[in-house]
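Reviewing the structure listed below.
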Amino acid sequence: MSSVITVLSPAAAAIHIDVFITLRFLSGLGEGVLLSAAQAMIVRWSAPKYRSLIVSIIYAGMNSGLIVGMFLSGVLCAYGFAGGWPSAFYVCGVIACVWSAACFFLCYNSPCTHPQISTAERKYWEATIGTVYIAAHPPTQWRKIFTSVPVWALAVVSFANNWGATVVTSCLPLYMHDVLGMDLTSNATLSAVPFVVEVVTQPLTGLFVDLLRSPGRLSTNVVRKIFLFAAFTLACCFFIVMGYIGCNRTLVVATLCAIALCRALSGTTVYVTPQDLAPLHAGRIAGLATSFESLASAIAPLAISVLTYQKLTRSGWWDV
């Protein structure tokens, strides 16, 4: 649905801004279920001892899409067809439609429902994960989920994590333009650099976390808390440093890369915790956490617009 809506967005913008906003709202509804669906599949298609690594690789794929999308959109806006910016919607929307069709025909809920999986591989998954986790679909204990302190702690952490991500993802191009005076193409290229760092480091941090929580070493609970505390503390420090760097593009990009590294560290806790809390209900728990993430995505740009209103300068961004 989101892919089709993306293709239709330029036409909607030509009709009226309200039509465009409505379509973007519907696109968000379509994308809102993706992470929950991914969490539900991860528990049935990954070995528990490698779960941090698997989740990190999957979320690194999301950041890869951000990299390609930001760079491609910048180029298309400057040199694309149909007046520039509409081509960014057309190209990205068509690619997403093709990818969605491939997922629809190639992905299956679990090994036991895959028509082409070999007997040996099915037995491997049954031995690794267990037949209960592969095939079971227990009723959702909504009351226990909504009254669980760890679940609400995850929701708060998800909000904080996505607040920082939104500042970097949505507002970084504005900072590059307002403070550093970059043109559209250079802006898109340099804005993508921190995400390249995150894509490279995310699987590495996931692997390191799984090594630390292997039998005979640290517990999963301790490892998650250490990485989350370190990531959030360092990210806060680097955001503060951004206000004192000035217009040095090299230092700005280097600091943003450090923030991206912190996001890679936090991802090994935020995105994997639903699997730790209740594997068979990871999709529901992730859905609740994603709802709070979405609030951060909505509120953070508004807060930044208030802080930088009529102050699209370094001093205005220093407040951010």
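The values are calculated or read from the model by the stated rules, or taken from the named source; none is laboratory data. Bear in mind that the values here come from a model prediction, so they are computed numbers and not experimental data. Note: ideal-geometry Cβ built from the backbone for every residue, glycine included; neighbour counts use all protein chains shown.
Screening LYS49 with (1) within 22 Å of the chain's Cα centre (by Cα); (2) in contact (Cβ under 8 Å) with a residue 12 or more places away in the chain; (3) loosely packed, with under 15 Cβ neighbours inside 10 Å gives one miss only, at (1).
In the stretch 64-95, the residue that is modelled with the lowest pLDDT out of those that are over 12 Å from PHE195 (Cβ atoms) and among the polar types (S, T, N, Q) is SER73. Quick one: in the stretch 196-234, which of the residues that are touching a residue at least 12 places away in the same chain (Cβ under 8 Å) and either of a type in the set (Ser, Thr, Tyr) or on the phi > 0 side of the Ramachandran plot (or both) is surrounded by the fewest Cβ atoms within 10 Å (Cβ to Cβ)? Ranking the candidates gives SER214 first. GLY61 falls short on exactly one of the conditions (1) at pLDDT 80 or above; (2) farther than 30 Å from VAL193 by Cβ; (3) loosely packed, with under 15 Cβ neighbours inside 10 Å, and that condition is (2).
Under the condition of being among the hydrophobic types (A, V, I, L, M, F, W, C) and assigned to a helix (DSSP H, G or I), which residue from the stretch 136-151 is surrounded by the most Cβ atoms within 10 Å (Cβ to Cβ)? Spell out the reasoning first.
In the first step, residues of the stretch 136-151 are kept if they are among the hydrophobic types (A, V, I, L, M, F, W, C); the result is 136, 142, 145-146, 149, 151.
With assigned to a helix (DSSP H, G or I) added as a condition, the list becomes 142, 145-146, 149, 151.
Numbers: TRP142: 11, ILE145: 17, PHE146: 10, VAL149: 7, VAL151: 20.
Applying the filter and picking the extreme gives VAL151.
Within the option set ALA11, ALA37, being in contact (Cβ under 8 Å) with a residue 40 or more places away in the chain and surrounded by fewer than 20 Cβ atoms within 10 Å (Cβ to Cβ) holds for one residue only, ALA37.
Sort out which residues of the stretch 93-124 are surrounded by 15 or more Cβ atoms within 10 Å (Cβ to Cβ), touching a residue at least 24 places away in the same chain (Cβ under 8 Å) and within 16 Å of VAL43 (Cβ to Cβ), and write them in order of number. Across the stretch 93-124, the qualifying residues are ASN109, SER110, PRO111.
When the stretch 199-242 is filtered for residues that are of a type outside the set (A, V, I, L, M, F, W, C) and either more than 22 Å from ASP276 (Cβ to Cβ) or outside any helix (DSSP H, G or I) (or both), the ones remaining, listed by number, are ARG213, SER214, PRO215, GLY216, ARG217, SER219.
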